[in-house]
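Take a look at the structure below.
The values are calculated or read from the model by the stated rules, or taken from the named source; none is laboratory data. Note that this is a predicted model, so its numbers are computed, not measured. Positions of Cβ are backbone-derived with ideal geometry, glycine not excepted, and every protein chain shown enters the neighbour counts.
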Amino acid sequence: MDQYRVFGNPIKQSRSPIIHQSFAEQTQQQLNYQSEYVELDQFEQTVKDFAKNGGKGANITVPFKEQALRICDQLTERARLAGAVNTLCFVDGKILGDNTDGQGLVQDLLNNKVQLKTSRILLLGAGGAAKGVILPLLAQLPESIVIANRTIAKAENLIKQFNNKKLSALGFAELGDEKFDLIINATSASLSGNVPPIAKELAVNTYCYDMVYGNELTPFLQWAKDNGATKVMDGLGMLVGQAAESFRIWRDVHPEVISVLHQLR
């Protein structure tokens, strides 16, 4: 039976095995997908041993996505621009790297009937999470994407890597009450119970998305709901969406995500 893994540290919290086994049952694919804890200094060796022993592919989660990029023999454009890899394929002794996070986000937004074409998007944060979704968002032909960050220089550096006129950078304090169709929180603020320091007026009549997810509304989504957002969405759909894209890459079949998302909820 074909073997797949998700490698991470920590890894107990991973829902990926549930998601991929659900995809396998749904599409009648024979495979075994498991999570595996990897010591911080053993990542490269673990991946190469898994490939050598017949592994077909792997997902990569925190904190190994950048390290995964460095061990690949070949990268997709979206992985190269994201500066991180979350999906590995092992083919003819070579390691192929991709990043499906951005595609997972875009697919979840489209599933939620969010209009991306000609939209004005505000992306909060300029770290790895933001970097991984810019190219797929640009592919949807928005009118503009403003990247806002506490340190504006970091946002400006991010824009230089993509060289696209639709991108611009601002500090949180410079946003004012400018209107956007969609606000995406790619900061880690929700994980520490905080909300990015932006004006409440930004939430009014806006779709708001947080890449973080939980049993309750995240602090950012609660803030958005309290301040008049049209709709609030968390990142669980992005998790299922990026997994579906990995599954498609490995098995050449598109799994259906909505039923799996409902199962996880």
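When region 61-84 is examined, which residues are found to be farther than 14 Å from residue 104 by Cβ and of a type in the set (Val, Ile, Thr)? Listed by number, the residues that qualify are 62, 71, 76.
Looking at region 179-193, which of its residues are in a loop (DSSP other than H, G, I, E, B) and either closer than 15 Å to residue 227 by Cβ or at pLDDT 90 or above (or both)?
Residues of region 179-193 that are in a loop (DSSP other than H, G, I, E, B), as a first pass: 179-181, 186-188, 193.
Within region 179-193, 179, 180, 181, 186, 187 meet the criteria.
For region 233-250, residues that are in contact with a helix residue (DSSP H, G or I) (Cβ under 7 Å, 6 or more places away or on another chain) and surrounded by fewer than 20 Cβ atoms within 10 Å (Cβ to Cβ) total 1. Restricted to region 208-222, and to residues there that are among the hydrophobic types (A, V, I, L, M, F, W, C) and in contact with a helix residue (DSSP H, G or I) (Cβ under 7 Å, 6 or more places away or on another chain), the residue that is nearest to residue 107 (Cα to Cα) is 211.
Being on the phi > 0 side of the Ramachandran plot and assigned by TED's automatic domain parsing to the domain that holds residue 244 is the filter; apply it to region 91-129 and report the residue that is surrounded by the most Cβ atoms within 10 Å (Cβ to Cβ).
Step one: of region 91-129, the residues on the phi > 0 side of the Ramachandran plot are 92-93, 113, 118, 125.
If we keep only those that are assigned by TED's automatic domain parsing to the domain that holds residue 244 too, we end up with 92-93.
Details: 92: 6, 93: 8.
The extreme case among them is 93.
Of the candidates 166, 179, the single residue that is surrounded by fewer than 24 Cβ atoms within 10 Å (Cβ to Cβ) and over 30 Å from residue 97 (Cβ atoms) is 179.
Screening residue 255 with (1) within 16 Å of residue 184 (Cβ to Cβ); (2) crowded, with 22+ Cβ neighbours inside 10 Å gives one miss only, at (1).
Checking the stated criteria, residue 253 turns out not to satisfy the condition of being within 18 Å of residue 100 (Cα to Cα), modelled with pLDDT under 95 and in a loop (DSSP other than H, G, I, E, B). Taking residue 152 as the residue in question, decide whether it is surrounded by 21 or more Cβ atoms within 10 Å (Cβ to Cβ) and in contact with a helix residue (DSSP H, G or I) (Cβ under 8 Å, 6 or more places away or on another chain). So residue 152 fails the test.
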